[in-house]
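Participant: Dumping the structure here so I can ask a few things about it.
The values are calculated or read from the model by the stated rules, or taken from the named source; none is laboratory data. Note that this is a predicted model, so its numbers are computed, not measured. We place every Cβ from the backbone using ideal geometry, glycine too, and count neighbours over all the protein chains shown.
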Amino acid sequence: MKRLNGKIAIVTGGADGIGHAISEAMAGEGAHIFVSDIDDAKGHAFVDALNRSGGKVNYVHCDVSVESDIADLIAKAVEQTGRLDILVNNAAVAIGGMPVHEMTDEQWHRLIAINLTSVFRGCKYALPHMIRQHSGAIINMASAQGHIGLEGWTAYAGAKGAVMAMTRQMAVEFGPHNVRVNSISPGTINTPMNEKIIAEHGDKIARAWVKMHPIGRIGTPQEVAEAAVYLASDAAGFTTGMDLRVDGGLTATPRYVPDLI
Ligand SMILES: NC(=O)c1ccc[n+]([C@@H]2O[C@H](COP(=O)([O-])OP(=O)(O)OC[C@H]3O[C@@H](n4cnc5c(N)ncnc54)[C@H](O)[C@@H]3O)[C@@H](O)[C@H]2O)c1
């Protein structure tokens, strides 16, 4: 029996990286997925391939920093299928690698719009449907950086910490409506987001990432997708308000200090 048979799911930022893996895994478990992204060429190509291999998948353009795009995405899924069972607020950007005093207000506002306000808006438009159904699962993508500090990433960490706090609040508020709200905190995962960081800062950072994770490697998008499938499934029916760390032990260890070892 597939774990998400017949469920209707929306994934933001689903054309690449972790969102791509979540969409693929959820489709494989029988869910009808509405994949959304700003990269329409990649999104369409991905959805066509999934549909050819037997999935039930739609692509919808959605820039999560634009309120009307989020409203339209959720309206489309509900108009077409009559319901919404799973919302994965996944899209985010990595703006950072600089000290706070070198970050511009423009960079701050862009990061907050894409990484945080998007989560508020996704929930705002999805919750009325989930409340009406008396069921639903929301998964917000947080980060290990919402748990630990790393130089240069204050704004990103602030947004992810807020995502976790909002997740807890909404779990309390909407538990009585049988709507579960959880977050996932990945450690370093092999995605285009990190390929960009390596391109900017060099291979040294990739070697440091490996050493920072007690498991001795960085993670794969599929490992995060497995956690999302679990949290979305009925197997997690009594699990809400939690943050699931998929981080190879990164947040369990004190900071790795290469010079001392
Ligand atoms: N990769 C990691 O190591 C890591 C670690 C912790 C948390 N995360 C979180 O996991 C999530 C996915 O990260 P990833 O590494 O797969 O990122 P990624 O950059 O590899 O992929 C992100 C996807 O989101 C899309 N996107 C970017 N801006 C968008 C916007 N405004 N609206 C809609 N879509 C947009 C991109 O086109 C892309 O398809 C993010 O929330 C990220 O913060 C990632």
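Participant: Condition test on P99, is it in contact (Cβ under 8 Å) with a residue 12 or more places away in the chain, surrounded by fewer than 21 Cβ atoms within 10 Å (Cβ to Cβ) and not hydrophobic (A, V, I, L, M, F, W, C)? Give the derivation first.
Facilitator: Values: in contact (Cβ under 8 Å) with a residue 12 or more places away in the chain: yes; surrounded by fewer than 21 Cβ atoms within 10 Å (Cβ to Cβ): yes; not hydrophobic (A, V, I, L, M, F, W, C): yes.
Here the answer is yes, as P99 does meet what is asked.
Participant: Taking the residues in segment 154-213 that are of a type in the set (V, I, T), within 16 Å of the ligand (Cβ to nearest atom) and modelled with pLDDT of 95 or more as candidates, determine which candidate is farthest from S143 (Cα to Cα).
Facilitator: V181
Participant: Could you grab me the full set of residues in segment 7-59 that are part of a loop (DSSP other than H, G, I, E, B) and either of a type in the set (D, E, K, R) or touching a residue at least 60 places away in the same chain (Cβ under 8 Å) (or both)?
Facilitator: Within segment 7-59, K7, T12, G13, G14, D16, E29, A31, D39 qualify.
Participant: What about E173, is it within 25 Å of A77 (Cβ to Cβ) and among the acidic types (D, E)?
Facilitator: In short, yes.
Participant: While we're here: Is there any pair linking a residue in segment 132-151 that is acidic (D, E) to one that is surrounded by fewer than 21 Cβ atoms within 10 Å (Cβ to Cβ), with Cβ under 8 Å and at least six apart or on different chains, and which?
Facilitator: Between residues of segment 132-151 that are acidic (D, E) and residues that are surrounded by fewer than 21 Cβ atoms within 10 Å (Cβ to Cβ), the close pairs are E151/P99.
Participant: Does segment 112-128 contain any residue that is within 30 Å of G175 (Cβ to Cβ) and assigned to a loop (DSSP other than H, G, I, E, B)? Let's see the steps before the verdict.
Facilitator: From segment 112-128, those within 30 Å of G175 (Cβ to Cβ) are 112-128; that's our starting set.
Filter once more, keeping what is assigned to a loop (DSSP other than H, G, I, E, B): none.
No; the residues of segment 112-128 include none that is within 30 Å of G175 (Cβ to Cβ) and assigned to a loop (DSSP other than H, G, I, E, B).
Participant: Which one of these is more than 14 Å from the chain's Cα centre (by Cα), without any contact (Cβ under 8 Å) to a residue 40 or more places away in the chain and either crowded, with 16+ Cβ neighbours inside 10 Å or not in a helix (DSSP H, G or I) (or both): G248, G158, G241?
Facilitator: Residue meeting the stated conditions: G158.
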